[in-house]
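Asker: Quick one: the structure is below, and I'll ask about it shortly.
What follows is calculated from the coordinates using simple rules that are stated; it is not laboratory data. The structure displayed is predicted, hence computed values, not measured ones.
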Amino acid sequence: ESACALPICVTVWFSEPLAPALSRVEVRDTTNARVDNGDSAGDPTDPMRLSVGVRPLSNGTYTVAWSNVSTLDGHPLRGSFVFHVGDPPPEATASITAPPALASPLDPWIRWVALLAAVAATGGLLFEAAVLRPAVRQTHSREPVRVAIAAISRVLARGRVTASAIFLGSALLQVVAQASVVAGVAVWSLGFGDVIDVVRYTGWGQLWLARVLLALLAAVAPFAARRLPRAPETWLTEVAPFLATLAALSTFSLSSHGAATAELAFPGALTDYVHLLAAGVWVGGLLALLPTLVLL
């Protein structure tokens, strides 16, 4: 709960709700000495507000430095602005330091790999359900074609396992990069608690955890069908991986920029999800078509 009360505090409003445990505001004078009380806190009645108490300020110029983490998309941002108490110095103007366009230069590449692996797995499942299985039913009397289709199914299954492994690896890299930016330290200086804080305090982190668990389910279910006696094979090899993959894709949309728009969160997330599904059908379908053309 915020400990400061006007007029002895500096308050900053943002465009998205914040994770107070991972967000802070500092106030410094021209010598870079802190003049705040170190009690930066969120407001329980306004999740977009961050405040910090300040000591009595003499005339002069002060810099407000802030860093925050959105609870919606988990994006960490930093910035600053200047204000004056009393008459400003000659030719002085209040200035704002904009946050960087990319919180981490690694994040776009890791996200690209994760999305490609996700759409590859989705496209493979859809291609097998919509193309290969109907082809098996229509060519039941043509043994060479059935053998080729069975070989294609095995190749696609191995491809899905590979895509799941790449997806899980990129997901681990993504949460480490996110924790590094949030904590403001290099990757090699991260503590396990820094990663736990991102997962615990942000919606992005909770969706990340759900995405990893769903990807594990999609990868493990087919193996469970072969290992468990009396297991529902069709459900474990086809239905469960398909549903888990579709649900994992939705976690991207629920932490997207579309979902971060308060007034249009649902249509924004839905539009993003439809776009991902279309990419899965098209890009993932093309990736699944390649071994089909080779083996047939």
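Asker: Under the Karplus relation 6.51 cos²θ - 1.76 cosθ + 1.60, θ = phi - 60°, what is the ordered set of whole-Hz ³J(HN,Hα) values for region 161-174, x standing for Gly and Pro?
Answerer: 5, 4, 4, 5, 5, 5, 4, 5, x, 5, 5, 5, 4, 5
Asker: Output ³J(HN,Hα) for region 115-123: one whole-Hz value per residue in order, computed from phi by the Karplus curve 6.51 cos²θ - 1.76 cosθ + 1.60 with θ = phi - 60°, and x for Gly and Pro.
Answerer: 5, 5, 5, 5, 6, 5, 5, 5, x
Asker: Tell me which residues come under 5 Å, amide H to amide H, from VAL54 once H is placed; ignore anything under 5 positions away on its chain.
Answerer: Those qualifying (amide H under 5 Å, at least 5 residues apart or on another chain) are CYS9, VAL10, ASN37.
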